[in-house]
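**Student:** This is the structure, below, for whatever I ask next.
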Amino acid sequence: MPVTVHPFAIGFGAEIRGLELSDPVFDGDSFEIWRKAWETHRVLVLHDQFFTDRQHIAFSEWFGPLEEFPDPKDWAADDLPNILRVSNVDRRTDTIKDVDEPGHKSFTLGTSDWHTDSSYLKVPCKGSLLYSREVPASGGDTMFANMEAAYAALPDKRKADIAHLEVVHDFHWTRRRFGLPPRSPEVQAKTPAVTHPLVWTLPTGAKALLIGSHACTIVGMEEGVARKLLDELTEWATQPQFTYRHSWRVGDLVMWDNRCTMHRAMPYELANVRRVLQRTTVVGDGPVA
Ligand SMILES: [Fe+2]
């Protein structure tokens, strides 16, 4: 079956058909098709994939080194720090987690807000590959916002006003905002606040807004004014004409370009219904330009 690319009507994102990632003959030609489609469409969807954790990692590594996640309880397996479980189910007990447990609450609140993965790092990730093993019958969709299109559509005056602004991204601020206790001093020391340009220049030369839930303030701006501007830009970028909503099926793999999209999880019955997704994350190429 030939590999084909089917762009979504919204103007970004595409479905890939004809690829079987667990197939041992997956090769450089198949990767090139995927890479070019990803560069063009930013969010790729591939249905009906049934692969192991190690195959998830192996496919992700075609794009470069993967991030390692710090907490073993969130890994897909004890020896797989490259796979983050995105789930309300405890791996060790196989039961639904307590919604008020601080670590879980932080995760669900954090993922339900518009965000850019690892924007609180000096080098935010390049892309994320999220794979679904169990999904709710309803709810739990993932929304994506096209930050390149959102930037391009801004009025010229607004583009000029924000051209040189620097935004502080701070994971610990995100926790404070949700009323959660601070993480240990050791963890805080490993993830200090970082500063990125508000407008990110992509390797293609195109520009995209870099905001999201970890963006806490703007350098040199009064806090209330900065908050208002960040909220306005988020509202602008998440209008329907810039967004794609993915309704999960079991066996979906979705890969997004983290440098020009934001995303969020939509609500579902967190305390009653299982949702088991898992993510690998491709390390970024360098500091934000
Ligand atoms: Fe995320």
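The values are calculated or read from the model by the stated rules, or taken from the named source; none is laboratory data. If you're wondering where the values come from, they're calculated on a predicted model, not measured in any experiment. Neighbour counts run over all protein chains shown; Cβ positions are idealised from the backbone, glycine included. We work out accessible area using only protein heavy atoms, side chains counted, and drop any ligands, DNA or RNA first. Shrake-Rupley method; radii C 1.70, N 1.55, O 1.52, S 1.80 Å.
**Student:** Please give the FRET efficiency for Thr201 paired with Phe8, using the beta carbon to beta carbon distance and R0 = 41 Å, rounded to the nearest 0.05. Could you put the intermediate results ahead of the total?
**Tutor:** Working: r = 25 Å, r/R0 = 0.61.
Once rounded, the FRET efficiency stands at 0.95.
**Student:** A further question on this structure: Quote the relative contact order of the chain in percent (integer), defining contacts as alpha-carbon pairs under 8 Å separated by 6+ residues.
**Tutor:** Numbers: 568 pairs, mean separation 96.3, N = 289.
Answer for the chain is 33 percent.
**Student:** For the chain, what class follows from the C-alpha gyration tensor (a ≥ b ≥ c being the square roots of its eigenvalues): rounded when a/c is under 1.5, otherwise prolate if a/b is larger than b/c, else oblate?
**Tutor:** Note, shape of the chain comes out oblate.
**Student:** Enumerate the calculated ³J(HN,Hα) couplings along the stretch 9-18 in order (Karplus 6.51 cos²θ - 1.76 cosθ + 1.60, θ = phi - 60°), each rounded to whole Hz, writing x wherever the residue is Gly or Pro.
**Tutor:** Those phi angles translate into 5, 5, x, 8, x, 7, 9, 9, 10, x Hz.
**Student:** Just order 114-120, 57-63 by mean Cβ neighbour count inside 10 Å, highest at the front, would you?
**Tutor:** So the peptides 114-120, 57-63, ranked by packing, come out 114-120, 57-63.
**Student:** Can you pull out the chymotrypsin sites (Phe, Trp or Tyr not before Pro) in the stretch 136-183 that DSSP calls coil and that have at most 15 other Cβ atoms within 10 Å? Mind showing how you got there, number by number?
**Tutor:** Numbers: sites: Phe144, Tyr151, Phe171, Trp173, Phe178; in loops: Phe178.
Passing sites in the stretch 136-183 are Phe178.
**Student:** What number comes out for accessible area per residue over the stretch 139-189 if the probe is 1.4 Å? Units Å², please.
**Tutor:** Counting only protein heavy atoms, the per-residue value for the stretch 139-189 is 50 Å².
**Student:** Subtracting the Cα-Cα distance from 0.36 nm times the residue separation, let me have the gained length for Glu232 to Met1 in nm, one decimal.
**Tutor:** Between Glu232 and Met1, full extension yields an extra 78.6 nm.
**Student:** Extending each Cα 7 Å along its Cβ direction at Lys36 and Thr93, get the distance between those two points in nm, one decimal.
**Tutor:** Placing both labels 7 Å beyond Cα along the Cβ direction yields 5.1 nm.
**Student:** With θ set to phi - 60°, apply the Karplus curve 6.51 cos²θ - 1.76 cosθ + 1.60 along the stretch 266-276 and write out the HN-Hα couplings as whole Hz, x wherever there is a Gly or Pro.
**Tutor:** The phi angles translate into 8, x, 8, 6, 4, 7, 10, 10, 7, 9, 10 Hz.
**Student:** Let me ask something else about it. By how many nm would the segment from Asp23 to Glu61 lengthen if fully extended, with 0.36 nm per residue of separation less the alpha-carbon distance?
**Tutor:** Residue separation times 0.36 nm, minus the Cα-Cα distance, leaves 12.1 nm.
**Student:** Per the helix-only calculation at 222 nm, which mean residue ellipticity applies to the chain, given -39500 (n - 2.57) for every DSSP H run of n ≥ 4 and division by its residues, nearest 500 deg cm²/dmol?
**Tutor:** It comes out at -7500 deg cm²/dmol, rounded to the nearest 500.
**Student:** Give, in nm to one decimal, the length gained when the segment between Gln239 and Asp48 is fully stretched (0.36 nm per residue of separation minus the Cα-Cα distance).
**Tutor:** Full-extension gain reported as 65.8 nm.
**Student:** Follow-up question, since we're still on this one. Holding the Cα-Cα limit at 18 Å, pick out from Lys73/Lys105; Lys105/Lys228; Lys126/Lys207; Lys122/Lys159 the pairs that are longer than that.
**Tutor:** Long pairs (Cα-Cα over 18 Å): Lys105/Lys228; Lys122/Lys159.
**Student:** Have a look at Asp252, Asp98, Asp78 and tell me which one the Gaussian network model of the chain (Cα, springs below 10 Å) gives the largest fluctuation.
**Tutor:** Comparing Asp252, Asp98, Asp78 in the GNM, the peak value goes to Asp78.
**Student:** On the accessible surface of the chain, probed at 1.4 Å, how many percent belong to carbon and sulfur atoms?
**Tutor:** Details: 7340 of 13220 Å².
Percent of accessible area from carbon and sulfur atoms in the chain: 56.
**Student:** Give me the dipole magnitude in Debye, nearest 20, for the stretch 152-226 about the Cα centre, with unit charges on the beta carbon: positive for Lys and Arg, negative for Asp and Glu.
**Tutor:** So the dipole magnitude of the stretch 152-226 works out to roughly 220 debye.
**Student:** Arrange the residues Glu39, Glu222 by how much accessible surface each exposes, largest first, with a 1.4 angstrom probe.
**Tutor:** Details: Glu39 90, Glu222 115 Å².
The most accessible residue leads, giving Glu222, Glu39.
**Student:** Going by a ≥ b ≥ c, the root eigenvalues of the Cα gyration tensor, does the stretch 100-242 fall in the rounded group (a/c under 1.5), the prolate group (a/b larger than b/c) or the oblate group?
**Tutor:** oblate
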